[in-house]
Amino acid sequence: MLERNLARRAPTVSPLVSESSVTVTPLDPQGRLAFRIKPAALAGRGTIDGFDLSGAINSRTSSEEGATMRTALRLGPDEWMLITAADEVDERCEAISAALTGVAHSLVDVSHRDVSFSVEGPGADSVVNSGCPIDLSMRAFPAGSATRTILGKAEIVLQRRAADSFTVTTWRSFAPYVQGFLVEATRG
Amino acid sequence: MLLIDCPYCGKRPEVEFHCGGEAHIARPEMPTAVEDADWGSFLYYRTNPKGLHAERWLHGHGCGRWFNALRDTVSDAFVATYEMGKPRPDRDEATASSPSNA
């Protein structure tokens, strides 16, 4: 299922590249899980299967990069997006479900739903801000922040990895629009 | 841009939100036991005040949560926001008229 969807989404992103100091790069496929659980049901568990769920709302917690990468984006009081390597999704799903046996929660594999872009380079914040109305100053949205918001006409999940390094995740069907929007903004 | 203070996310731009009409309207426990006039009133009649108005708002392009907001319908100033299920804050018109959006 996932493989078929990955193949289907491949043509949506073009090899568009920006020629300015800010680069907009489509990222390789990632495993993404939409995870929802009431804080009461978590019952004090800070970590589940290596995913750190203890971060504040709109923050990003991440373990090491690479094959064992486990990133948790807390998008709301009871909602997380868990990101892992593309070929690890099934194992992570099983492990999380096993850890939460008998606890009411929702865990959905949405890897195929989204496409991510990295926006990097000096001035990356103004490129994102060209279509995203939230305050991206380091005071209001420091490195380690992540939130669902808007870019132009599309809904995105925005992560700030460092001062000049963002990840923009959007639905597959919005990807050409978001990519074009960001590349256009780098030419500004 | 108008900033709305989401109880979960803090101050966020207006375009991320959606208004859901008047707040604190409880559905009758037993609709069959309600008179037609009262049911019509529950369904269709709203207060539409000039001044402070308690409304439901959805932070759809954010945390995805509903919350309540106290808004001045004259100045469009958001006087207070509070979580669903909490009682309407006790604010008077004098407080409301001050520009407290900032």
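Of all residues in the stretch A:138-188, how many are of a type in the set (Ser, Thr, Tyr), within 18 Å of residue B:13 (Cα to Cα) and in contact with a Lys or Arg (Cβ under 7 Å, 6 or more places away or on another chain)? Qualifying residue count, the stretch A:138-188: 1.
Among the candidates A:165, A:118, the residue that is surrounded by fewer than 19 Cβ atoms within 10 Å (Cβ to Cβ) and more than 17 Å from residue A:59 (Cβ to Cβ) is uniquely A:118. Among the residues of the stretch A:179-187, is any buried (at least 20 other Cβ atoms within 10 Å of the Cβ), out of contact with any Phe, Trp or Tyr (no Cβ under 7 Å at 6 or more places or on another chain) and within 14 Å of chain B (Cβ to nearest Cβ)? No, every residue in the stretch A:179-187 fails to be buried (at least 20 other Cβ atoms within 10 Å of the Cβ), out of contact with any Phe, Trp or Tyr (no Cβ under 7 Å at 6 or more places or on another chain) and within 14 Å of chain B (Cβ to nearest Cβ). Inspection of the stretch A:99-112 identifies at least one residue that is surrounded by fewer than 16 Cβ atoms within 10 Å (Cβ to Cβ) and closer than 13 Å to residue A:51 by Cα. For the stretch B:1-53, a residue qualifies if it is within 14 Å of chain A (Cβ to nearest Cβ) and of a type in the set (Ser, Thr, Tyr), and exactly one does: B:8.
Residue count for the stretch A:46-83, restricted to those that are within 14 Å of chain B (Cβ to nearest Cβ) and not in a loop (DSSP other than H, G, I, E, B): 8.
Read-outs throughout are calculated quantities, based only on the coordinates presented, and are distinct from any laboratory measurement. It should be emphasised that the depicted structure is a prediction, and the values quoted were computed from it without experimental measurement. Cβ sites come from the backbone with ideal geometry, for glycine too, and all protein chains shown count toward neighbours.
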